[in-house]
Protein chains: 2
Amino acid sequence: MNAAAVIVDWGTSSFRAYRAGERGLETRAAEAGILSVGDGDFESALRRYAGDWIVPGTPVFLSGMITSRNGWVETPYIETPASLADLAAATVERRLADGTRLRFLPGVCQRQPSPDVMRGEEIQVFGSVAADEDALVVLPGTHSKWVDVRAGRIAGFHSTMTGEVYAVLKAHSILGRLLPEGATVDAAGFRLGVEAALARRPGGLLHDIFGARSGVLVGDLSPSDAAGYLSGLLIGHEIREGLAAADGRSPMLVGSAALVGHYRTAFALAGVEALAGPQDAAVRGFRRLGLELGRDQDLKA
Amino acid sequence: MNAAAVIVDWGTSSFRAYRAGERGLETRAAEAGILSVGDGDFESALRRYAGDWIVPGTPVFLSGMITSRNGWVETPYIETPASLADLAAATVERRLADGTRLRFLPGVCQRQPSPDVMRGEEIQVFGSVAADEDALVVLPGTHSKWVDVRAGRIAGFHSTMTGEVYAVLKAHSILGRLLPEGATVDAAGFRLGVEAALARRPGGLLHDIFGARSGVLVGDLSPSDAAGYLSGLLIGHEIREGLAAADGRSPMLVGSAALVGHYRTAFALAGVEALAGPQDAAVRGFRRLGLELGRDQDLKA
């Protein structure tokens, strides 16, 4: 990678830029996701947050929802099994008026056994594993990803809507109405929720979440524990279903320290020790991508 | 039951009154659920919709959310196993200023294997089965109920938040944003969703619902099928989890003709023939309750 390369992880709700130069790594983060760029003028937004890093000749890499239909340049999906070389080969280039070359990464899609998509997480996956490694990489979040890595390639994956389901149930369902104002996830409620999910009670997830309300009504659960209980139920279900397809491998967790902590607790209740992946997985991934692109002289900046 | 008894099934969003007199059955329905009675003046609302049926001496029975904390008179829950006689014994009486006697039914709660509650459905269950019958009664809806009836008693049950989860995901999640304006449940999408749920793909329900979006993005699913697909997924999961605890019994469906139709389709895809219960289950239940109360002279109007 060119010493002054700029990499941008630009999602729905956040903007992160990295400069992996010879003097080390610099990072910038702003709450300037693509949804906040109302007029579609992504170039101005990029220059506002990282313009001082970009001069003609600076290679700029972009991934995340900035490459989706609602972003700047829509890139195709590459299909599983997908290697880092496949990712590099499918980047889409766009030149700005001053000659700056932007490279937009593709997303990854899977067709079987069930259709699934990711945009942005793939670079974190490649930053978490070695070139020929086998691993089960779990990226918890709004739409968690469970990624099956075989010989360094993304062999398959599945997403779960855990974080988003928690948010919409809390904000818009009958469950939210029983929570105290400003309720947060507390450790005791979280643990009870994970245990309930792992207990595989009749009725499944759609029953278990109703149980957050029933538990409060019959006095088994305190209202202040209910938010943690609901979070634990959903994460517990995600983990129980994910582990069923894990072939006994220990998952490697990649994400924010807080989320990784919650998930490690939940995995431990399921009897599984989860590993913590690198905190700078995205940067590592872009660095590997830069090396990959560097092999092809035509693609060099 | 006294020939002129009035029965009221008063839920969160609807009001239904029945007069099961000697000249047959009269029914009234209004979109006047307890949430629409803003000032808590339930007596005026009752008189507005059924006042001409009520004179001093008319016995009036009320069930549903009108007996909850947010209703008129909060009644206790009776615990499973619960018989019709238990229900009759736990009614709570309130006299109006003119001497009219109101009887509020209790709800039913379960403590093991998981806490659960119902208010209003229990009378439909007793109206769907004979005195000593064994049955699996399924009442689909916002919070579906699967009720295990043994020797005429409610031995146990579980609720699933199927209808509410569908509504909040459609209105407030990323899934709703991919649906065309005014999207409705179509038969083809519904069938695909049920089949996906029954296929038990890795990742469980939290993955399958994300698949409604992935399917559209990779071109496997048309946006116009996505609402039906989501509905089918959720009902498919409800059924698959419920049947696992059904001991091989055929479920009897009690509810609106439209919902019962959807569920019969889904059960058929799971290889199970579901029976249609009586359309007038609530009235039958109240009639049985009246006979039960009539045995006790002290409770007679």
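Counting only residues that are more than 8 Å from every other protein chain (Cβ to nearest Cβ) and of a type in the set (A, V, I, L, M), how many does the range A:236-245 have?
Adding up the residues that qualify gives 2.
Inspect the range B:191-200 for any residue being open to solvent by less than 50 Å² (accessible area, probe 1.4 Å), free of Cβ contacts under 8 Å to residues at least 12 places away in the same chain and farther than 21 Å from A:Val117 by Cβ and give the result as yes or no.
no
Filter the range A:41-92 for residues that are acidic (Asp, Glu) and part of a helix (DSSP H, G or I); which is surrounded by the fewest Cβ atoms within 10 Å (Cβ to Cβ)? Don't jump to the end; show me each part of the working.
Of all residues in the range A:41-92, those acidic (Asp, Glu) come to A:41, A:43, A:52, A:74, A:79, A:86.
Those left that are additionally part of a helix (DSSP H, G or I): A:43, A:52, A:86.
Values: A:Glu43: 16, A:Asp52: 8, A:Asp86: 18.
Residue satisfying both the conditions and the ranking: A:Asp52.
Mind telling me which of the residues B:Val254, B:Val185, B:Val194, B:Val216 ends up being in contact with a strand residue (DSSP E or B) (Cβ under 7 Å, 6 or more places away or on another chain) and of a type in the set (A, V, I, L, M, F, W, C)? Break it down into steps so the answer makes sense when it comes.
Working: B:Val185 fails: in contact with a strand residue (DSSP E or B) (Cβ under 7 Å, 6 or more places away or on another chain); B:Val194 fails: in contact with a strand residue (DSSP E or B) (Cβ under 7 Å, 6 or more places away or on another chain); B:Val216 fails: in contact with a strand residue (DSSP E or B) (Cβ under 7 Å, 6 or more places away or on another chain).
Within the list B:Val254, B:Val185, B:Val194, B:Val216, the selection yields B:Val254.
If you scan the range A:179-208, which residues turn out to be part of a helix (DSSP H, G or I) and farther than 18 Å from A:Val165 by Cα?
Pass one, the range A:179-208, residues part of a helix (DSSP H, G or I): A:187-198, A:204-208.
Answer for the range A:179-208, where residues must be part of a helix (DSSP H, G or I) and farther than 18 Å from A:Val165 by Cα: A:Ala187, A:Ala188, A:Arg191, A:Leu192, A:Glu195, A:Leu198.
Among the residues of the range B:168-192, write down those that are within 12 Å of chain A (Cβ to nearest Cβ) and not polar (S, T, N, Q). Before you say what the answer is, go through the steps one by one.
Taking the range B:168-192 as the starting set, the residues that turn out to be within 12 Å of chain A (Cβ to nearest Cβ) are B:168-178, B:192.
B:Val168, B:Leu169, B:Lys170, B:Ala171, B:His172, B:Ile174, B:Leu175, B:Gly176, B:Arg177, B:Leu178, B:Leu192, listed by residue number.
Given A:Ser214, A:Ser222, which one is in contact with an Asp or Glu (Cβ under 9 Å, 6 or more places away or on another chain), of a type in the set (S, T, N, Q) and more than 21 Å from B:His207 (Cβ to Cβ)?
Checking each option against the conditions leaves just A:Ser214.
For the range B:209-235, name all the residues that are away from every other protein chain (no Cβ under 11 Å) and either in a loop (DSSP other than H, G, I, E, B) or closer than 17 Å to A:Thr160 by Cα (or both).
B:Ser222, B:Tyr229, B:Leu230
Hey, does the range B:243-263 have a residue that's of a type in the set (A, V, I, L, M), within 29 Å of A:Gln110 (Cα to Cα) and assigned to a helix (DSSP H, G or I)? Explain how you work it out, then say what you get.
To start, the set of residues in the range B:243-263 that are of a type in the set (A, V, I, L, M) comprises B:243-246, B:252-254, B:257-260.
From what's left, within 29 Å of A:Gln110 (Cα to Cα): none.
No, the conditions are met nowhere in the range B:243-263.
Need the failing condition index for B:Ala151 against (1) within 10 Å of another protein chain (Cβ to nearest Cβ); (2) surrounded by fewer than 24 Cβ atoms within 10 Å (Cβ to Cβ), just the number.
(1)
Could you tell me which numbered condition B:Ala258 fails, if it satisfies all but one of (1) hydrophobic (A, V, I, L, M, F, W, C); (2) open to solvent by less than 50 Å² (accessible area, probe 1.4 Å); (3) farther than 15 Å from B:Ala197 by Cα?
Going through (1) hydrophobic (A, V, I, L, M, F, W, C); (2) open to solvent by less than 50 Å² (accessible area, probe 1.4 Å); (3) farther than 15 Å from B:Ala197 by Cα one by one, B:Ala258 breaks only (2).
For the range A:26-39: of the residues being in contact with a Phe, Trp or Tyr (Cβ under 8 Å, 6 or more places away or on another chain) and outside any strand (DSSP E or B), which is nearest to B:Val218 (Cα to Cα)?
Initially, the range A:26-39 is screened for residues in contact with a Phe, Trp or Tyr (Cβ under 8 Å, 6 or more places away or on another chain), giving A:26-34.
Those left that are additionally outside any strand (DSSP E or B): A:31-34.
On the way: A:Glu31: 29, A:Ala32: 28, A:Gly33: 24, A:Ile34: 22 Å.
For the range A:26-39, the residue satisfying everything is A:Ile34.
The values are calculated or read from the model by the stated rules, or taken from the named source; none is laboratory data. All values reported here derive from a predicted model rather than from experimental measurement. Here the Cβ is made from the backbone with ideal geometry for all residues, glycine too, and neighbour counts use every protein chain on show. With ligands, DNA and RNA removed, areas are computed over all heavy atoms of the protein, side chains included. Shrake-Rupley method; radii C 1.70, N 1.55, O 1.52, S 1.80 Å.
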